[in-house]
(Lines give C-alpha, C1' and ligand atoms only; values in the text may rest on other atoms or scores of the structure.)
Protein backbone atom coordinates (compact mmCIF):
# COMPACT_ATOMS: atom_id res chain seq x y z
CA UNK A 1 0.00 0.00 0.00
CA UNK A 2 2.90 2.36 0.71
CA UNK A 3 4.23 1.75 -2.80
CA UNK A 4 0.78 2.38 -4.33
CA UNK A 5 0.34 5.64 -2.42
CA UNK A 6 3.81 6.83 -3.37
CA UNK A 7 3.09 6.09 -7.03
CA UNK A 8 -0.27 7.88 -6.81
CA UNK A 9 1.52 10.90 -5.34
CA UNK A 10 3.18 11.22 -8.75
CA UNK A 11 0.06 10.45 -10.85
CA UNK A 12 -2.78 12.22 -8.98
CA UNK A 13 -1.54 15.75 -9.81
CA UNK A 14 -2.19 15.03 -13.50
CA UNK A 15 -5.96 14.58 -13.02
CA UNK A 16 -6.77 15.49 -9.39
CA UNK A 17 -4.28 18.18 -8.30
CA UNK A 18 -6.25 19.11 -5.16
CA UNK A 19 -6.07 15.58 -3.72
CA UNK A 20 -3.29 14.43 -1.41
CA UNK A 21 -1.46 11.09 -1.59
CA UNK A 22 1.01 10.57 1.24
CA UNK A 23 1.89 7.32 3.04
CA UNK A 24 1.84 9.19 6.34
CA UNK A 25 -1.67 10.66 6.02
CA UNK A 26 -3.41 8.48 3.41
CA UNK A 27 -2.97 4.99 4.83
CA UNK A 28 -5.33 4.04 7.64
CA UNK A 29 -3.84 2.49 10.73
CA UNK A 30 -4.17 -1.30 10.96
CA UNK A 31 -5.58 -1.29 14.51
CA UNK A 32 -9.27 -1.74 15.22
CA UNK A 33 -11.22 0.34 17.73
CA UNK A 34 -12.32 -2.40 20.14
CA UNK A 35 -13.82 -0.17 22.84
CA UNK A 36 -17.49 -0.62 21.93
CA UNK A 37 -17.59 -4.09 20.38
CA UNK A 38 -17.46 -7.65 21.60
CA UNK A 39 -15.02 -8.49 18.81
CA UNK A 40 -11.65 -7.75 20.42
CA UNK A 41 -9.42 -8.73 17.49
CA UNK A 42 -6.72 -6.04 17.52
CA UNK A 43 -6.10 -5.74 13.76
CA UNK A 44 -8.27 -5.04 10.75
CA UNK A 45 -8.62 -7.74 8.09
CA UNK A 46 -8.02 -5.20 5.30
CA UNK A 47 -5.70 -2.38 4.33
CA UNK A 48 -7.07 0.94 3.11
CA UNK A 49 -6.08 4.43 2.09
CA UNK A 50 -7.87 7.73 1.55
CA UNK A 51 -6.89 10.52 -0.80
CA UNK A 52 -8.51 13.67 0.64
CA UNK A 53 -8.71 17.22 -0.66
CA UNK A 54 -5.89 19.49 0.46
CA UNK A 55 -7.15 22.05 2.99
CA UNK A 56 -10.46 20.32 3.77
CA UNK A 57 -11.47 17.85 6.51
CA UNK A 58 -10.14 14.37 5.74
CA UNK A 59 -13.51 12.63 6.10
CA UNK A 60 -15.95 15.51 5.67
CA UNK A 61 -15.06 16.48 2.10
CA UNK A 62 -14.93 14.49 -1.12
CA UNK A 63 -11.94 12.27 -1.80
CA UNK A 64 -10.88 8.94 -3.27
CA UNK A 65 -10.56 5.63 -1.40
CA UNK A 66 -8.91 2.24 -1.86
CA UNK A 67 -9.50 -0.89 0.22
CA UNK A 68 -7.95 -4.33 -0.24
CA UNK A 69 -9.09 -7.34 1.78
CA UNK A 70 -9.02 -11.13 1.36
CA UNK A 71 -12.62 -10.85 0.11
CA UNK A 72 -12.55 -7.87 -2.25
CA UNK A 73 -10.78 -4.87 -3.73
CA UNK A 74 -12.83 -1.67 -3.43
CA UNK A 75 -12.11 1.47 -5.43
CA UNK A 76 -14.39 4.31 -4.36
CA UNK A 77 -14.84 8.04 -3.95
CA UNK A 78 -17.16 10.79 -2.78
CA UNK A 79 -18.27 12.27 0.53
CA UNK A 80 -18.86 9.90 3.42
CA UNK A 81 -19.54 12.07 6.48
CA UNK A 82 -19.98 15.79 5.80
CA UNK A 83 -20.76 18.17 8.65
CA UNK A 84 -24.31 19.60 8.41
CA UNK A 85 -23.11 23.03 7.24
CA UNK A 86 -20.91 21.47 4.56
CA UNK A 87 -23.68 19.11 3.45
CA UNK A 88 -25.94 22.14 3.01
CA UNK A 89 -23.25 23.85 0.91
CA UNK A 90 -22.95 20.77 -1.32
CA UNK A 91 -26.73 20.55 -1.72
CA UNK A 92 -26.97 24.26 -2.59
CA UNK A 93 -24.15 23.80 -5.12
CA UNK A 94 -25.98 20.86 -6.72
CA UNK A 95 -29.26 22.81 -6.75
CA UNK A 96 -27.62 25.75 -8.54
CA UNK A 97 -25.57 23.60 -10.92
CA UNK A 98 -27.78 20.55 -11.34
CA UNK A 99 -27.29 20.35 -15.12
CA UNK A 100 -23.52 20.18 -14.75
CA UNK A 101 -23.80 17.64 -11.92
CA UNK A 102 -26.19 15.46 -13.94
CA UNK A 103 -23.85 15.63 -16.93
CA UNK A 104 -21.10 14.18 -14.72
CA UNK A 105 -22.99 11.46 -12.85
CA UNK A 106 -25.52 10.47 -15.50
CA UNK A 107 -23.16 10.19 -18.45
CA UNK A 108 -23.29 6.74 -20.08
CA UNK A 109 -19.63 6.04 -19.23
CA UNK A 110 -20.09 6.98 -15.55
CA UNK A 111 -23.29 4.92 -15.20
CA UNK A 112 -21.73 1.95 -16.97
CA UNK A 113 -18.77 1.97 -14.59
CA UNK A 114 -20.28 3.04 -11.26
CA UNK A 115 -24.05 2.79 -11.68
CA UNK A 116 -24.52 6.30 -10.32
CA UNK A 117 -24.08 8.18 -7.05
CA UNK A 118 -25.42 6.48 -3.91
CA UNK A 119 -25.47 6.88 -0.14
CA UNK A 120 -27.77 7.33 2.85
CA UNK A 121 -30.71 9.48 1.89
CA UNK A 122 -33.63 11.34 3.38
CA UNK A 123 -37.18 10.30 2.54
CA UNK A 124 -38.06 13.89 1.53
CA UNK A 125 -36.26 16.79 -0.08
CA UNK A 126 -34.57 18.73 2.74
CA UNK A 127 -36.08 21.95 4.05
CA UNK A 128 -35.17 25.01 2.01
CA UNK A 129 -35.39 23.26 -1.37
CA UNK A 130 -38.52 22.88 -3.50
CA UNK A 131 -39.93 19.35 -3.50
CA UNK A 132 -40.12 19.40 -7.28
CA UNK A 133 -36.54 20.59 -7.82
CA UNK A 134 -34.98 18.93 -10.93
CA UNK A 135 -32.22 17.53 -8.69
CA UNK A 136 -34.57 16.40 -5.90
CA UNK A 137 -33.20 12.84 -5.87
CA UNK A 138 -29.66 14.12 -5.36
CA UNK A 139 -30.68 16.71 -2.76
CA UNK A 140 -32.05 13.91 -0.56
CA UNK A 141 -28.61 12.31 -0.31
CA UNK A 142 -26.65 12.62 2.93
CA UNK A 143 -23.66 10.86 1.38
CA UNK A 144 -22.37 11.07 -2.19
CA UNK A 145 -20.63 7.76 -2.91
CA UNK A 146 -19.47 6.00 -6.05
CA UNK A 147 -17.24 3.03 -6.61
CA UNK A 148 -16.58 -0.46 -7.87
CA UNK A 149 -15.96 -3.69 -5.99
CA UNK A 150 -13.76 -6.36 -7.54
CA UNK A 151 -12.52 -9.79 -6.47
CA UNK A 152 -9.53 -9.64 -4.13
CA UNK A 153 -7.33 -11.10 -6.88
CA UNK A 154 -7.37 -7.78 -8.73
CA UNK A 155 -4.92 -6.39 -6.14
CA UNK A 156 -2.22 -8.87 -7.23
CA UNK A 157 -3.00 -8.63 -10.94
CA UNK A 158 -0.68 -6.84 -13.40
CA UNK A 159 -3.64 -4.67 -14.42
CA UNK A 160 -4.36 -3.50 -10.86
CA UNK A 161 -2.64 -0.11 -10.89
CA UNK A 162 -3.84 0.73 -14.39
CA UNK A 163 -7.44 -0.10 -13.34
CA UNK A 164 -7.10 1.94 -10.14
CA UNK A 165 -5.89 5.05 -11.96
CA UNK A 166 -8.53 4.73 -14.69
CA UNK A 167 -11.32 4.57 -12.07
CA UNK A 168 -9.86 7.42 -10.03
CA UNK A 169 -9.66 9.52 -13.22
CA UNK A 170 -13.36 8.86 -13.89
CA UNK A 171 -14.35 9.83 -10.34
CA UNK A 172 -12.11 12.91 -10.09
CA UNK A 173 -14.48 15.36 -11.88
CA UNK A 174 -17.31 14.43 -9.49
CA UNK A 175 -15.01 14.72 -6.46
CA UNK A 176 -13.88 18.12 -7.74
CA UNK A 177 -17.49 19.27 -8.22
CA UNK A 178 -18.47 18.22 -4.68
CA UNK A 179 -15.48 20.03 -3.18
CA UNK A 180 -16.03 23.32 -5.06
CA UNK A 181 -18.40 24.88 -2.47
CA UNK A 182 -16.32 23.56 0.43
CA UNK A 183 -13.10 25.03 -0.96
CA UNK A 184 -14.91 28.34 -1.59
CA UNK A 185 -16.19 28.40 2.00
CA UNK A 186 -12.72 27.56 3.38
CA UNK A 187 -11.23 30.46 1.41
CA UNK A 188 -13.59 33.07 2.89
CA UNK A 189 -11.83 35.16 5.52
CA UNK A 190 -13.83 35.70 8.70
CA UNK A 191 -14.40 39.50 8.87
CA UNK A 192 -14.60 39.34 12.70
CA UNK A 193 -11.27 37.57 13.10
CA UNK A 194 -8.54 39.67 14.78
CA UNK A 195 -6.26 41.28 12.22
CA UNK A 196 -2.51 40.81 12.26
CA UNK A 197 -0.64 43.97 13.31
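Worth a mention:
- Of all residues assigned to the stretch 59-75, none qualifies as being free of Cβ contacts under 8 Å to residues at least 40 places away in the same chain, out of contact with any strand residue (DSSP E or B) (no Cβ under 6 Å at 6 or more places or on another chain), over 19 Å from residue 154 (Cβ atoms) and loosely packed, with under 13 Cβ neighbours inside 10 Å.
- Within the stretch 21-56, the set of residues being touching a helix residue (DSSP H, G or I) at 6+ places or on another chain (Cβ under 7 Å) and touching a residue at least 24 places away in the same chain (Cβ under 8 Å) comprises 21, 26, 27, 49, 50, 51, 53, 55, 56.
- In the stretch 153-162, the count of residues that are in a helix (DSSP H, G or I) and under 15 Å from the mean Cα position of the chain (by Cα) is zero.
- Looking across 112, 142, 127, one residue alone is at pLDDT below 95 and closer than 26 Å to residue 100 by Cβ. It is 127.
- Every residue from the stretch 1-20 that is touching a helix residue (DSSP H, G or I) at 6+ places or on another chain (Cβ under 7 Å) and exposed (fewer than 14 other Cβ atoms within 10 Å of the Cβ): 2, 6
- Against the numbered list (1) modelled with pLDDT of 95 or more; (2) part of a loop (DSSP other than H, G, I, E, B); (3) out of contact with any helix residue (DSSP H, G or I) (no Cβ under 6 Å at 6 or more places or on another chain), residue 176 comes up short only at (2).
- Residue in the stretch 115-127 that is without any contact (Cβ under 8 Å) to a residue 12 or more places away in the chain and farther than 29 Å from residue 5 by Cβ present: yes
- Any hit, the stretch 28-37, residues being outside any loop (DSSP other than H, G, I, E, B), modelled with pLDDT under 95 and either surrounded by 13 or more Cβ atoms within 10 Å (Cβ to Cβ) or over 16 Å from the mean Cα position of the chain (by Cα) (or both): yes
- Residue in the stretch 138-150 that is in a helix (DSSP H, G or I), out of contact with any strand residue (DSSP E or B) (no Cβ under 6 Å at 6 or more places or on another chain) and exposed (fewer than 13 other Cβ atoms within 10 Å of the Cβ) present: no
- Residue check, residue 48 crowded, with 16+ Cβ neighbours inside 10 Å and either at pLDDT 95 or above or under 20 Å from residue 139 (Cα atoms) (or both): yes
- Test for residue 156: is it surrounded by 14 or more Cβ atoms within 10 Å (Cβ to Cβ) and either closer than 23 Å to residue 11 by Cβ or touching a helix residue (DSSP H, G or I) at 6+ places or on another chain (Cβ under 7 Å) (or both): no
The values are calculated or read from the model by the stated rules, or taken from the named source; none is laboratory data. Predicted model, so just to flag it, every value in this text is computed and none were measured. FYI the Cβ positions are ideal-geometry reconstructions off the backbone, even for glycines, and counts take in every protein chain you see.
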